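Before I ask anything, let me first share the structure, which is written out below as structure tokens.
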Amino acid sequence: MPLISETTIDQVQARADIVELIGRYVPLKRSGRHFKANCPFHREKTPSFMVNTDKQIFHCFGCGVGGNIFSFLMQHDRLTFPEAVRQLADHVGIHVPEDESGQSRGAQEELAGLMEKICRYFERQLLESSKGKMARGYLERRGVSGRTRERFRIGLAPVGWNRLLNAANATGVSAAQLEAVGLVVQGKTHSYDRFRNRLIFPIFDIRGRVVGFGGRALDDQEPKYLNSPETALYTKGRHLFGLVQAKDAILKAKTAVVVEGYFDCAVLVDAGVLNVVAPLGTALTADQARLLKRYAEVVVLAFDADAAGEQATLRGIDLLIEHGLDVRIAQLPSGVDPDEYVRAEGREQFQQLLEQSSTLFDFLTQTAIQRFPIRTSEHKVRAAQFVLPTLAKMPNAMLRSEYVRLLAERLHLDEQAVVQEMTKSQPRSVADRPATERRASTVRSTAHGPERLLTALVLDDPLRWRVAQATIRLEDMHDPALRAILSVVGALESMEQPVTPARVISRLSEAEQGALVSELVTLAQSVTAKDEALDDCLRRVKADARKRQREVLREQIRAAEAAGREQDVQQLLAVYQQYLSAVPRTAHAGVATSGGG
């Protein structure tokens, strides 16, 4: 969370009016109890952007964007959450101290000092421990020399659940202090180290302070890559791995090479490509684009040559050109990442690959033609529609016009018709997928019907979560985005605070989850017999959870049988029989709630 108290955030939210704020950006027209407008986030002729005055949220049915009053400012003005809170606080006359959380700048520096000590601990483990020799050998085989290891200050988190915790306690550092910087996890009965048996890559802020860590597993534990959680020092999406080491080279070349992972970055640097950085396990963000803009004029995207890499490239292109950067794409051979390419072909070949990188126009048109071979008129149109959202974002009108001319020429389309179509183009996050997938593509939720509807009904009336907990646990929700929403609802309920969709959104860590909340609120409004729907959802969610648990037990039984652990097999079989014979509980139907059928 940002360094602004939740009390102040709630005060700002309560005093501000979402209709008044959004009305300063787009003309709103009353539609029943609410308001509508043409969406400011994509081009449209028929208004699909709705502002819900009761819930103090907005949602666009065209592109799927949504959220609360802070979400709007963040997306429209490209602000961080603290910046949006402070801007809105100024507007409504509420003073927000520079650092309100009780964490003085001195306390911040203390946390940074602690992270520096922990970084040195990890470095010593790599250089001095018996396990370190094996890890150093792994680094060398991956193409990372001792010189590069020192440049990035790579370390090692040793095997064991509490090695860091014990070492820190011996120097007077408590588990609570380690938990504050995300390095210790509080379990049900005890604390344990977050990073275990992993290579450790320190994450630096632009000042060169250690603010977080990334860990690469040295065994088969999942996930393979694990990053620090957000803390008072570290906010996901605001930093770039390797930027502190690369900024001078980027300034000199006026070019930044962006790769996907830690090893890609380290191996390229070892080979002499010094102007290289990587995002931290996420798609490029606006904050990262602004960081790049400080140092570079040109950004070369060198993502993995697979489907995920292509999608990351497409998202990155649109974001970077919005921030005024010249974007080029290094096209690697299929199935090869930069790390592998450099080790196989050498620095000179990779430098040649960078020099021959495609313009964004060439990359987009090639990708469009591959997806939609221009054998028919329909395919020509779809190929053009794939390219146009990016061209529409280009700030240089002359270059935009020239690319439209070239696109029409290459696809054998009428240039004026292409110009007209560009005025209607939607953002890439929407336009590069089939229409049937558009709304779902804007949120990080893959849930099927019962979980989505259950969460929608709870947002409609939070008292339903009390009813639901008589039947299911939070862990029974399989979808992480919906689980996060219900977790916030439960936390607000337990503190006896008002639970509104706008408040829930303010406490979620992902902007996409805010859009999901606004979509679910709308979904709930379409349900008539809400209590009956709740009962049905609870039965199905519980049944699905039990089915997943049975599958886990079956896997455990097979593993125990294969290992010859007969006692474990018998115990697991007994538990499995209980799951087969148990009858799932159901919520008591007919519970009166304020939003009930």
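Each value in this text was obtained by applying a stated rule to the coordinates, not by laboratory testing. If you're wondering where the values come from, they're calculated on a predicted model, not measured in any experiment. Positions of Cβ are backbone-derived with ideal geometry, glycine not excepted, and every protein chain shown enters the neighbour counts.
Using Cα pairs closer than 8 Å and at least 6 residues apart in sequence, work out the relative contact order for the chain, in percent.
On the way: 906 pairs, mean separation 67.1, N = 597.
This gives 11 percent for the chain.
In region 168-273, which GluC sites (Glu not before Pro) fall in coil by DSSP and have 13 or fewer other Cβ atoms within 10 Å?
Details: sites: GLU179, GLU230, GLU260; in loops: GLU230, GLU260.
The qualifying sites: there are none.
For region 10-56, which trypsin sites (Lys or Arg not before Pro) pass both filters: DSSP loop (anything but H, G, I, E, B) and at most 12 other C-beta atoms within 10 Å? Let's see the in-between values first.
Details: sites: ARG15, ARG24, LYS29, ARG30, ARG33, LYS36, ARG43, LYS45, LYS55; in loops: ARG24, ARG33, ARG43, LYS45, LYS55.
Loop-located and lightly packed - ARG24, ARG33, LYS45.
Need one word for region 243-352: rounded, prolate or oblate. Basis is the Cα gyration tensor (sqrt eigenvalues a ≥ b ≥ c); a/c below 1.5 gives rounded, then a/b vs b/c decides.
Numbers: a/c = 1.72, a/b = 1.19, b/c = 1.45.
Oblate, because a/c is 1.5 or more while a/b does not exceed b/c.
Collect residues whose amide H, placed 1.01 Å from N in the peptide plane, falls under 5 Å from the amide H of GLY67; neighbours closer than 5 in sequence don't count.
Sorted by chain and number, the residues that satisfy this are PHE58, SER518.
Round to the nearest 0.05 the FRET efficiency obtained for VAL575 and TYR138 when R0 = 35 Å and r is the Cβ-Cβ distance. Please list the in-between numbers first.
Details: r = 39 Å, r/R0 = 1.10.
After rounding, the FRET efficiency stands at 0.35.
What does the C-alpha gyration tensor say about the overall shape of the chain? Classify as rounded when a/c is under 1.5, otherwise prolate if a/b is larger than b/c, or oblate.
On the way: a/c = 1.40, a/b = 1.02, b/c = 1.38.
Verdict is rounded for the chain.
Let's test the formula: R0 of 51 Å, r as the Cβ-Cβ distance of ARG124 and GLU496. What FRET efficiency results, to the nearest 0.05?
Values: r = 48 Å, r/R0 = 0.94.
Computed FRET efficiency for ARG124 and GLU496: 0.60.
Just subtract the alpha-carbon distance of ALA563 and THR359 from 0.36 nm times their residue separation and send over the number in nm, one decimal.
Working: separation 204, 0.36 × 204 = 73.44 nm, distance 5.53 nm.
Roughly 67.9 nm would be gained on extension.
Give me the extension gain from GLN108 to HIS412: residue separation times 0.36 nm, minus the current Cα-Cα distance, reported in nm with one decimal.
103.5 nm
Which FRET efficiency, nearest 0.05, do VAL185 and GLN366 yield, Cβ-Cβ r, R0 60 Å?
Details: r = 45 Å, r/R0 = 0.76.
Efficiency for this residue pair is about 0.85.
Charges at C-beta only: +1 for Lys and Arg, -1 for Asp and Glu. How large is the resulting dipole of the chain about its Cα centre, in Debye rounded to 20?
180 debye
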